[in-house]
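So the structure is just underneath, and the comments pick up after that.
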Amino acid sequence: MHNFKFQTEYINSLHVDQVEIEKIAATVKTPFYVYSANQLKNHLITLKNTLPDALNYFYSLKANPNLSLVGIIHQQGVGCEVCSLAELETALAAGASPAEIIFVGPGKSEHELSRCVALGIKAVVVESLSELALLNKLAENAGVVQPFAFRINPNFTSEKARLVMSGKPRQFGIDEHLVLETLNHLDQYPHVALEGIHIYLGTRILDAEAVVANTRNILSLAETIQREYGVTLNFVDIGGGLGVPYYPRETELDLDAVATGIEPVIREFRDHFPETKLIMELGRFIVGRSGMFVTRVRYLKASKGKMFAVCDGGSNCHGAAAGLGSVIRKNFPIARLGTAHHAHDVQHYMLTGPLCTPTDLIGDDVPLPQLDEGDLIGIFHSGAYGPTASPVYFLSFGYPSEVLVDGDQLIVIRHADGVEHMLAQQQPQPLAV
Ligand SMILES: *Cc1c(COP(=O)(O)O)cnc(C)c1O
């Protein structure tokens, strides 16, 4: 067999926690995502125990907005970073209080901002001066003072992130010099109160030294702001973007090295500014390993020397495995699931889905024990940026099921779209104009 290095005690090719995968797949129609509650909880406990105590954590719902998963994460004492009205309502429904929610995003609507103001969330992270002016007006209309944070596009950048979000022209945040300038004119916005700053440098960082360097740069800017502009920041959000290895040759982020590296940086900052709380904002790192995508081989066929395993769910459910959003696609950790019922001869397979497009390839020449039609295939490390980041409506297959294993319990946490539901959304309705 292969890929054992990706298997954990929580999710492997036979079990998710205490439940056999073959039993799950006999109960839930494939394709589906399955998550381990214990993996999620224990991973968060490890994260908190490893990194310095001074850090507070916020979960980026963008990575996986499933209500039940957000509930589990929030129960571990993690706040919510949301980017849309639905994410905001999900955070509340999952048990987060407004004081535990920050709202980020470059294009917030007036309706979303009004809801933030009505709730009085911890901070609206503003990404333009126009947005700040609008927020100020909405808070004035509501007769409140709404806390906000500046999302800063700093002059420095992060070289080690796979997707860089700052340090160059970007729609995210406000350029550093403009933030500094605005700090001298905050009295123009009397209905909002500066709570903090937010800097998000990039995603999929697997290099401990890069996390340390980012933290050092951000805290140094936070220090300048507090010293030279006479403001007090209640929090500094240092972003996060910690990665999860997916591909061959990618190695696990060394969390111990991150801890050792940022500890003195954080201690020095906190010595000078004990009032300022530090926030780390994480999506992928929190949920990435907690989920597996399960798809079933429908047909096996040979074509011009290659063996194809056509599965019932492909890139429509798991865009990332098909390379959506990456320049070149590489194989995620993939295994055949369940007990082998025949010889262990290894063969190479092209794993494809049901779409009528050649890009529907979720595994390229993957070595697997000889497959039969009906076999289950698992794609590991699929808890983040799964179905919500995939074209689930392409060819009208709809959203797949999501299930949670909690110890020996199996719980549906999102139902697959039915055909009736998808058609009902399209009933023509004349509008008055
Ligand atoms: C996407 C995003 C995150 C989460 O990124 P991960 O790489 O999943 O941790 C956090 N903050 C902001 C502002 C984002 O846009």
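Each value in this text was obtained by applying a stated rule to the coordinates, not by laboratory testing. Computed from a predicted model, the values in this text were never measured in an experiment. As a convention, Cβ positions derive from the backbone with ideal geometry for all residues, glycine included, and neighbour counts pool all protein chains shown.
A Förster radius of 35 Å combined with the Cβ-Cβ distance from residue 302 to residue 14 puts the calculated FRET efficiency at roughly 0.75.
Can you give the FRET efficiency to the nearest 0.05 for residue 171 and residue 346, using r as the Cβ-Cβ distance and R₀ = 60 Å?
Values: r = 47 Å, r/R0 = 0.78.
Calculated transfer efficiency: 0.80.
Which peptide among 211-221, 367-377 comes first, and what is the full order, when sorted by highest mean count of other Cβ atoms within 10 Å? It would help to have the intermediate numbers written out before the result.
Numbers: 211-221: 22.0, 367-377: 17.2.
The densest-packed peptide leads the list: 211-221, 367-377.
Estimated from helices alone, the mean residue ellipticity of the chain at 222 nm is -8500 deg cm²/dmol (sum of -39500 (n - 2.57) over DSSP H runs with n ≥ 4, per residue). Straight-line cross-link reach from residue 304 at under 17 Å between alpha-carbon atoms covers these aspartates and glutamates, not counting any fewer than eight positions away in the same chain: 364, 365.
Roughly how big is the chain's charge dipole about its Cα centre, with Cβ charges of +1 (Lys, Arg) and -1 (Asp, Glu), in debye to the nearest 20? Intermediate results must be reported in sequence, preceding the final value.
On the way: 33 positive and 47 negative charges, 182 e Å.
Charge dipole of the chain: 880 debye, to the nearest 20.
Compared with the alpha-carbon gap, the fully stretched path from residue 45 to residue 193 is longer by 50.0 nm at 0.36 nm per residue. Extension gain for the segment residue 29 to residue 272, taken as residue separation times 0.36 nm less the Cα-Cα distance, is 81.9 nm to one decimal.
According to the square roots a ≥ b ≥ c of the eigenvalues of the Cα gyration tensor, what is the shape class of the range 283-433, taking rounded for a/c under 1.5, prolate for a/b larger than b/c otherwise, and oblate for the remainder? Cα axes put the range 283-433 in the prolate bin. The simple Förster model, with R0 at 45 Å and r as the Cβ-Cβ distance, assigns residue 142 and residue 370 a FRET efficiency of 0.10. Return one number: the angle in degrees, 0 to 90 and rounded to the nearest 10, between the long axis of the Cα atoms of helix 208-228 and the longest principal axis of the Cα atoms of the chain. The angle comes out near 20 degrees. Measure nothing fancy, just the Cα-based angle from helix 110-119's long axis to the longest principal axis of the chain, in degrees from 0 to 90, nearest 10. Its long axis makes an angle of about 70 degrees. How far is helix 37-50 tilted, in degrees, relative to the longest principal axis of the Cα atoms in the chain, given as a value from 0 to 90 rounded to the nearest 10? Value to nearest ten degrees: 40. Can you grab the distance from the C-alpha centre of the range 334-403 to the C-alpha centre of the range 205-247, Å, no decimals? Measuring centre to centre over Cα atoms gives 37 Å. Within the range 97-282, antiparallel bridges make up roughly 10 percent of the DSSP beta bridges whose residues both belong there. Ranked by the mean number of other Cβ atoms within 10 Å of their residues, highest first, the peptides 261-272, 98-109, 123-134 come out as 123-134, 98-109, 261-272. Relative protection proxy for 195-201, 24-30, from highest mean packing down: 195-201, 24-30 (other beta-carbon atoms within 10 angstrom).
Would you work out the relative contact order for the range 289-424, in percent, from Cα pairs under 8 angstrom that are 6 or more residues apart? Show your work: numbers first, answer last.
Details: 287 pairs, mean separation 39.5, N = 136.
Relative contact order, the range 289-424: 29 percent.
Go ahead and set up a Gaussian network model of the chain, Cα springs under 10 Å, then flag whichever of 58, 32, 397 fluctuates most. Highest fluctuation of the listed residues: 397.
Rounded, prolate or oblate for the chain? Axes are the square roots of the Cα gyration tensor eigenvalues, ordered a ≥ b ≥ c, and the cut-off for rounded is a/c under 1.5. Here the chain falls in the prolate category.
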